[in-house]
1. Look through Lys427, Lys423 and report the one residue that is more than 26 Å from Leu312 (Cβ to Cβ) and without any contact (Cβ under 8 Å) to a residue 40 or more places away in the chain.
2. Assuming Gln108 fulfils every condition listed in (1) in a loop (DSSP other than H, G, I, E, B); (2) free of Cβ contacts under 8 Å to residues at least 60 places away in the same chain apart from one, which condition is it?
3. Cβ contacts < 9 Å: first residue of a type in the set (D, E, K, R), restricted to region 1-28; second residue buried (at least 18 other Cβ atoms within 10 Å of the Cβ) and in a loop (DSSP other than H, G, I, E, B), any location; separation 6+ or different chain. Result?
4. How many residues, within region 247-272, are in contact (Cβ under 8 Å) with a residue 40 or more places away in the chain and part of a loop (DSSP other than H, G, I, E, B)?
5. Could you list all residues from region 65-104 that are of a type in the set (Val, Ile, Thr) and closer than 30 Å to Met7 by Cα?
6. Looking at region 231-248, is at least one residue farther than 30 Å from Leu159 by Cβ, in contact with a Cys (Cβ under 9 Å, 6 or more places away or on another chain) and either modelled with pLDDT of 95 or more or among the basic types (Lys, Arg) (or both)?
7. Taking Arg282 as the residue in question, decide whether it is under 26 Å from Leu226 (Cβ atoms), in the same structural domain as Ser437 (by TED's automatic domain parsing) and among the basic types (Lys, Arg).
8. Would you mind finding the one in Asp404, Asp446, Asp422 that is exposed (fewer than 14 other Cβ atoms within 10 Å of the Cβ) and under 30 Å from Arg332 (Cβ atoms)?
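The values are calculated or read from the model by the stated rules, or taken from the named source; none is laboratory data. Values in this document were obtained by computation on a predicted structure and should not be read as measured data. Counting neighbours? That spans all protein chains shown, and the Cβs are built from the backbone with ideal geometry, glycine included.
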Amino acid sequence: MYQPEQMHVDLEKFKTALIKIHPGTYTHQSPEEFEQLVDRLKLETSKPMEGTAFYKIVLRLIAGIHDGHTQAYTLGELGNMVNNQKRLPFQVYIKDERIFIIKDMSSQKIPEGSEILAIDGHLSNEIISEILAHYSSDGKSLNGMCHWLGGPYRSFSRLYPEIFGGQESHNMVYRDPKTKEIANRRIRTVSKEVYETIKAKRYPSLKQVDEAFGFKINEKENYAYLKIARFIKDGYDDPENTYSDFFKTCFKEISYKKIQNLIIDLRDNGGGKASNAAYLLRYFINKPIAPAKEIYTLGNDDYFIELTGDTLNLDKSFGLLPIKNGKFRVTRTDVLRDLMTYKPIQEYSYTGKMAVLINGGTTSAAGIAAGLLKEHTNATFVGEETYGYAGISNGVRQISIKGDYTETAIYLPLLHAEYAMDKHVQKRSVVPDYQISYSIQDILNDKDAILEFVKEKVLSNN
């Protein structure tokens, strides 16, 4: 149990950090709105509260920033409680505020495709709304987090018990996909280890490791397919030429075989280095471009040592120079290559038709890549709105701020990048030209409806 005085001190500490350290606290809210949010949260903590309940208060504080690189987490005994909390035995797909089971790890063997109508008396749309009040993606789009709830990182199976309270079992009402009958079952929760063990046994095909990138050409249908699953191959210390060499190989073959249709697949790309996205952009532009116009932080080493007590070595690492409003600009282009000027590659430049596939899993540097392609090419975008975008923080350098009296902490970025695109576009994730989502049958049958739509309706030979 935490006392009001303890919680208020830590909320004030987190508030100060977000104002004085985070470069995007006021991107999606005014200073007045932020103050009002903090005041409401302090009012809710005016009486003793359990640690898990206070953690949800901190989650709501961070959700208001609408920045995927900013997170709340727990430490110590509270951390063990939260991290070891049992979960619902399902992997789900969320569409139109509806929750569908696509993988069943329960002992009751609920049919795949079943729609969850309610849990513990909470309707499905109410459940989604409450989770999204505690977790947000970049910007105010809801699609990114809804997509992530179906994945392993911020899974619905874990977040429902976290937000609504963990129990040994939950009462679930669902509709059978075949009979359309509504059933009521008591569903037992499982540990992470049991969840993963059952998942591996029932769905062994999911074990395959996704390659960082892949490329193939279909000469018969005259298209090339470039899949980029992330913008780092093995880690941030990849050789600098890893992606540039790969792209050169791809576009050399495209040019040699005179391919006139290109599909770039950025779906479920978790990000990496934005500079690797810039290497891709070189094959489509006709004049030099610097992807990032400016990257800055709110202070230098002296500023942050006074706030945090730690030497962050930012001045030397990033070549910081003071600019207006007390901010400091990054000058070392060898460290943050987003600031470099990239020239067009004339030899294998691509001028044919292009489609870019995106969804709610297109995150961080992948969101930046989608934004740059949207701004500087004539590509047709197909799929769903992205999770990430080019308008808020940069995940290159982050720090933790720990509570003094509670076992909670926040993790926030130090850098903000202004990318070469319209300022209004920067404040929203990339929206597709053709909004195509999967039906539950597409998911269960492993049918790629987005890719099929592109081949049938977008490519030039159709």
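1. Testing whether each residue is more than 26 Å from Leu312 (Cβ to Cβ) and without any contact (Cβ under 8 Å) to a residue 40 or more places away in the chain leaves just Lys423.
2. The number of the failed condition is (2).
3. What qualifies is Asp10/Gly403; Asp10/Thr406; Lys13/Gly403; Lys20/Leu298; Lys20/Gly299.
4. So the answer is 9.
5. Ile65, Thr70, Thr74, Val82
6. No, because not a single residue in region 231-248 is farther than 30 Å from Leu159 by Cβ, in contact with a Cys (Cβ under 9 Å, 6 or more places away or on another chain) and either modelled with pLDDT of 95 or more or among the basic types (Lys, Arg) (or both).
7. Yes, satisfied.
8. None of the others qualify; the one that does is Asp422.
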